[in-house]
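The values are calculated or read from the model by the stated rules, or taken from the named source; none is laboratory data. Here the structure is a predicted model, which is why all the values come from computation and not from measurement. Note that we place each Cβ from the backbone using ideal geometry, even for glycine, and neighbour counts take in every protein chain shown. Note: accessible area is taken over every heavy atom of the protein model, side chains too, but ligands, DNA and RNA are not part of it. Shrake-Rupley method; radii C 1.70, N 1.55, O 1.52, S 1.80 Å.
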Amino acid sequence: MTIEPLDLLRSNLARVRIPEPTNRIYKHECCVSFDSPRSEGGLFIDMCTFLAFGKDFVGWNYEKTGNPVYLHLKQTKKLVPEDRPSKKPTLLAIGIDGGFDNNEPEYEETHSVVILPEYVSLPFPSVELPEKVRLAVDAILLAEGAERKEELAAWTADKKHVSSYAMNIQQIDNGVVIPPCGWKCAKCDKTDNLWLNLSDGMILCGRKNWDGTGGNDHAVEHYRETGYPLAVKLGTVTADLEAADVFSYPEDESVLDPQLAQHLAFFGIDFSSLQKTEMTTAERELDQNTNFDWNRIQESGQDVYPIFGPGYTGLVNIGNSCYMAANMQVVFSTRSFISRYYLSQSLKKAFEMSPADPTVDLNMQLTKLAHGLLSGKYSVPAFENDEKEKIVTSTTTAKQEGIRPRMFKSVIAASHPEFSSTRQQDALEFFLHFLDQVERANAGKTELDPSRSFKFGIEDRILCSSGKVTYNSRNDYILSLNIPLQEATNKEELESFHKLKQDKLAEGKEINADEIVRPRVPLETCLANFSAPEEIHDFYSTALKTKTTALKTAGLTSFPDYLVLHMRRFVMEAGWVPKKLDVYIDVPDIIDISHMRSKGHQPGEELLPDGVPDEEDSNKMWANEEIVAQLVSMGFNHLHCQKAAINTSNVGVEEAMNWLLSHMDDPDIDLPISKGHGSETSTVVDQSKVDTLISFGFQEEIARKALVASGGDIEKATDWIFNNPNASVSSMDATPSNAASTSNDVNLPDGGGKYRLIGIVSHSGTSTLCGHYVAHVLKDGRWVIFNDNKVGASINPPKEMGYLYFFERF
């Protein structure tokens with residue numbers, strides 16, 4: 001007996017909910033694919049959970065949840081007459097009434113209520129529909145989509161208003177000049193959470209927190225005494241002045257100071273030097289360099305041939321997201337990620353494994369992204385007026401719409417406030433954060449974890465002046481390389497260029513872009529510099545029981561499947577001026593790093609004794625202030641930097657930074673440094689946390705080791721145990737050890753030292769926090785440029801201008 005559609009709908013009213021204002025309603029994009037209302041099958045919104053699904057996937061949701069009632073949205077592009085006259089703009093704006101016509105297509109949207117599994121359809125609007133259904137549909141259509149809400153939240157969360165005190169602040173000429181580091185509160189001994197008052201240059205500590213931490217309220221007390229309104233937090237000032245933390249005491253909120261550069265320059269923090277008359281030529285040269293970088297990296301002016309099909313899908317920029325897009329294009333060109341999230345895992349399998357809300361599941365969203373990028377479904381030419389049978393007459397001008405990685409970004413950035421924002425970010429930091437999240441998501445499943453294909457071991461050999469040695473090992477995802485400009489291979493050309501520049505400067509002439517000569521440094525030189533011996537001052541020797549000078553050399557204990565090289569193109573000059581090194585790196589297609597393998601503990605070498613200083617010696621454990629100052633200049637907390645230097649025996653900035661980045665969430669990171677507790681080796685383990693891990697079924701000794709290795713974090717300790725299944729108290733030490741450190745490399749990929757260049761992430765701009773990122777990837781024997789949603793055959797990939805280089809072992 002056939003049931004009437006309305007009767008079928010009435011029998012399923014219990015599965016229909018009227019959304020509340022707090023409900024997240026997805027109506028722009030499928031949860032498991034990049035289908036939208038504009039896709040051929042439209043979009044189906046579950047009227048119980050308010051999750052959206054494309055036509056090919058809505059049946060999976062019905063099978064999983066049993067929810068039968070859906071609101072179907074279908075958008076169809078309106079036909080626009082070719083001879084339609086352009087409207088004359090009346091406002092200086094784009095995309096609004098009265099503004100310039102941005103030629104965005106218009107769409108008609110139709111709605112219907114669909115009942116699964118037979119896909120029985122009822123038109124909407126219709127007075128015959130039950131009132132509950134009409135109210136639910138109206139609420140869904142009127143609500144702001146969850147996707148749109150997240151985008152708006154990311155934008156508005158970053159907006160600060162211009163302070164009403166900024167334009168007329170009175171600055172007192174009292175001779176104060178602020179040094180680039182070594183700050184301390186003028187009224188106490190606080191060296192962190194310091195604020196510079198922009199009126200008189202006083203450096204004072206911030207507010208005291210409810211739990212007693214933070215500052216001693218000296219900055220706000222100074223405002224109450226003097227009425228000086230604005231202060232900027234030291235350590236937050238970078239080239240991106242809008243990102244600096246400026247606080248207005250009378251307005252009681254963070255604000256923007258449009259004159260911050262001038263206000264800082266008043267106290268010797270000079271950002272205005274490029275505007276002086278004698279620097280005009282240099283300023284113009286900098287503009288030429290920037291324009292050149294921009295055009296070279298994006299291959300502007302080149303007749304780039306667009307490419308479509310599997311593996312050639314662009315990623316739409318959803319708000320300064322190019323740092324993410326460039327990384328993902330390279331990562332999902334590697335065998336490990338293709339296998340894990342595309343070849344070995346279907347969308348249906350990932351959806352079945354996902355929780356009730358697949359939009360917050362990293363495994364689901366990684367699988368969705370992989371299928372979106374690699375299937376070719378969304379890599380098709382964009383046609384006008386939906387005339388898909390229309391022949392593209394100019395293949396060089398055809399473009400694709402690409403996919404919007406909104407749900408992926410929301411999930412991967414959920415635990416990171418900076419990546420959750422719409423500000424530009426450092427592509428390196430995102431790459432490391434991404435791999436960390438992937439590793440966590442695959443904890444306990446080592447054989448499935450694709451992030452391990454990037455991981456390798458590094459070993460430092462430290463030769464003490466006593467003749468004894470110690471070995472410290474760590475794992476990393478990237479090899480960070482300094483660029484030794486003194487090793488440039490074109491020194492004669494550089495000398496001629498500098499002479500030409502001086503001559504033109506004297507004549508009042510400008511340097512043409514094609515006359516600029518940049519230093520050229522071979523990649524082999526950068527790699528050799530990494531392995532070269534380095535002196536360590538203030539190294540505490542457990543043999544001599546005093547500080548001494550040691551010699552450090554570094555090598556790799558394993559060679560990963562994919563080697564990522566990070567070029568340190570950004571440095572901080574005196575006067576707080578961030579500088580991007582204007583240098584070319586000569587990168588060959590093939591490199592061999594076999595000579596960089598660490599030899600480990602050699603016969604005849606005498607190891608430094610283990611242990612920590614006793615009570616008398618503990619006072620000698622000081623942090624190297626040069627290391628601390630460099631870390632502080634990068635914006636890190638002063639106390640944290642001291643701990644990082646001490647816990648890495650003052651070996652160097654890179655080692656201290658690695659320690660700092662992996663221990664920033666330690667529960668004791670903000671505790672003062674006490675006698676005998678400067679080193680990790682004296683970590684006290686919370687017995688209650690040990691008991692918690694024991695309740696999980698782990699042995700007490702293993703639980704203690706894991707907690708020491710993870711800084712007391714139970715979640716990290718659990719990950720450590722899963723990632724070190726063969727660990728035992730006798731064979732695994734969580735702290736740097738003098739023993740041969742091969743145990744850290746268990747299960748890491750390893751092989752020969754020959755690598756082929758397969759990917760480049762390049763950056764154009766003066767800082768990693770501004771500008772633009774572009775990826776070039778070697779695919780099917782040719783180089784391809786991925787510039788957000790633009791994908792094409794690369795004519796001249798900028799191999800010499802990379803920020804991150806991706807090599808594949810062969």
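I'd like to verify a number: residues in the range 45-66 that are at negative phi and in contact with a Lys or Arg (Cβ under 7 Å, 6 or more places away or on another chain), how many? Even if it seems obvious, please write down each step before you answer.
If we filter the range 45-66 for residues that are at negative phi, which is where we start, we get 45-49, 51-65.
Okay, now just the ones that are also in contact with a Lys or Arg (Cβ under 7 Å, 6 or more places away or on another chain), so 45, 47-48, 52, 60.
Total meeting the criteria: 5.
Which is modelled with pLDDT of 90 or more, touching a helix residue (DSSP H, G or I) at 6+ places or on another chain (Cβ under 6 Å) and closer than 28 Å to residue 768 by Cβ, of 525, 489?
Details: 489 fails: touching a helix residue (DSSP H, G or I) at 6+ places or on another chain (Cβ under 6 Å).
Only one candidate passes the filter, namely 525.
Within the range 227-249, count every residue that is farther than 19 Å from residue 418 by Cβ, open to solvent by 50 Å² or more (accessible area, probe 1.4 Å) and at pLDDT below 95.
Matching residues across the range 227-249 total 0.
If residue 466 meets every condition in (1) crowded, with 16+ Cβ neighbours inside 10 Å; (2) touching a Ser or Thr at 6+ places or on another chain (Cβ under 8 Å); (3) not hydrophobic (A, V, I, L, M, F, W, C) apart from one, which number is that one?
(1)
Can you tell me which of 196, 204 is assigned to a strand (DSSP E or B), in contact with a helix residue (DSSP H, G or I) (Cβ under 6 Å, 6 or more places away or on another chain) and crowded, with 21+ Cβ neighbours inside 10 Å? Show your work before the answer.
Numbers: 196 fails: in contact with a helix residue (DSSP H, G or I) (Cβ under 6 Å, 6 or more places away or on another chain).
So the residue among 196, 204 that is assigned to a strand (DSSP E or B), in contact with a helix residue (DSSP H, G or I) (Cβ under 6 Å, 6 or more places away or on another chain) and crowded, with 21+ Cβ neighbours inside 10 Å is 204.
Report, by residue number, each residue of the range 744-796 that is outside any loop (DSSP other than H, G, I, E, B) and β-branched (Val, Ile, Thr).
Just the residues of the range 744-796 that are outside any loop (DSSP other than H, G, I, E, B), to begin with: 744-745, 754-764, 772-779, 782-787, 790-793.
Across the range 744-796, the qualifying residues are 758, 760, 761, 774, 777, 784, 785, 791.
Filter the range 14-65 down to residues that are in contact with a strand residue (DSSP E or B) (Cβ under 8 Å, 6 or more places away or on another chain), among the hydrophobic types (A, V, I, L, M, F, W, C) and open to solvent by 40 Å² or more (accessible area, probe 1.4 Å), then give me how many there are. Outline the logic, then answer.
Of the range 14-65, the ones in contact with a strand residue (DSSP E or B) (Cβ under 8 Å, 6 or more places away or on another chain) are 15-16, 25-39, 41-48, 51-55, 58, 60-61, 65.
Cutting the leftovers down to among the hydrophobic types (A, V, I, L, M, F, W, C) gives us 16, 25, 30-32, 34, 43-45, 47-48, 51-53, 58, 60.
Within this subset, residues satisfying the condition of being open to solvent by 40 Å² or more (accessible area, probe 1.4 Å) are 60.
Final tally of qualifying residues: 1.
Restricting to the range 321-367, name every residue that is open to solvent by 60 Å² or more (accessible area, probe 1.4 Å) and either polar (S, T, N, Q) or under 21 Å from residue 426 (Cα atoms) (or both).
Across the range 321-367, the qualifying residue is only 344.
What are the residue pairs meeting all of these: first residue in the range 494-515, first residue within 16 Å of residue 582 (Cα to Cα), second residue surrounded by 10 or more Cβ atoms within 10 Å (Cβ to Cβ) and among the hydroxyl-bearing types (Ser, Thr, Tyr), Cβ atoms under 9 Å, and 6 or more apart or on different chains?
Here the result reads 501/281; 511/281, each pair linking the range 494-515 to a residue that is surrounded by 10 or more Cβ atoms within 10 Å (Cβ to Cβ) and among the hydroxyl-bearing types (Ser, Thr, Tyr).
Of all residues in the range 337-360, which are farther than 22 Å from residue 24 by Cβ and of a type outside the set (D, E, K, R)?
Step one: filter the range 337-360 for residues farther than 22 Å from residue 24 by Cβ, giving 337-346, 348-349.
Hits for the range 337-360 are 337, 338, 339, 341, 342, 343, 344, 345, 346.
Take the range 524-537 and flag every residue that is open to solvent by 30 Å² or more (accessible area, probe 1.4 Å) and in contact with a Ser or Thr (Cβ under 8 Å, 6 or more places away or on another chain).
The answer is 531, 532, 533, 534, 535, 537.
Within the range 383-395, is there a residue that is modelled with pLDDT of 90 or more and either open to solvent by 20 Å² or more (accessible area, probe 1.4 Å) or in the same structural domain as residue 60 (by the TED database) (or both)? Step through it out loud before you land on a result.
Applying the first criterion (modelled with pLDDT of 90 or more) to the range 383-395 yields none.
Looking for residues that are modelled with pLDDT of 90 or more and either open to solvent by 20 Å² or more (accessible area, probe 1.4 Å) or in the same structural domain as residue 60 (by the TED database) (or both), one finds none in the range 383-395, hence no.
Considering the range 303-344 alone, what residues qualify as being part of a loop (DSSP other than H, G, I, E, B), among the hydrophobic types (A, V, I, L, M, F, W, C) and more than 21 Å from the chain's Cα centre (by Cα)? Lay out the reasoning, then the answer.
Start the filter on the range 303-344 by keeping residues that are part of a loop (DSSP other than H, G, I, E, B), which leaves 303-304, 307-314, 316-321, 332-334, 344.
In the following step, the residues that additionally are among the hydrophobic types (A, V, I, L, M, F, W, C) were identified as 304, 307-308, 316, 318, 332.
Correct list: 304, 307, 308.
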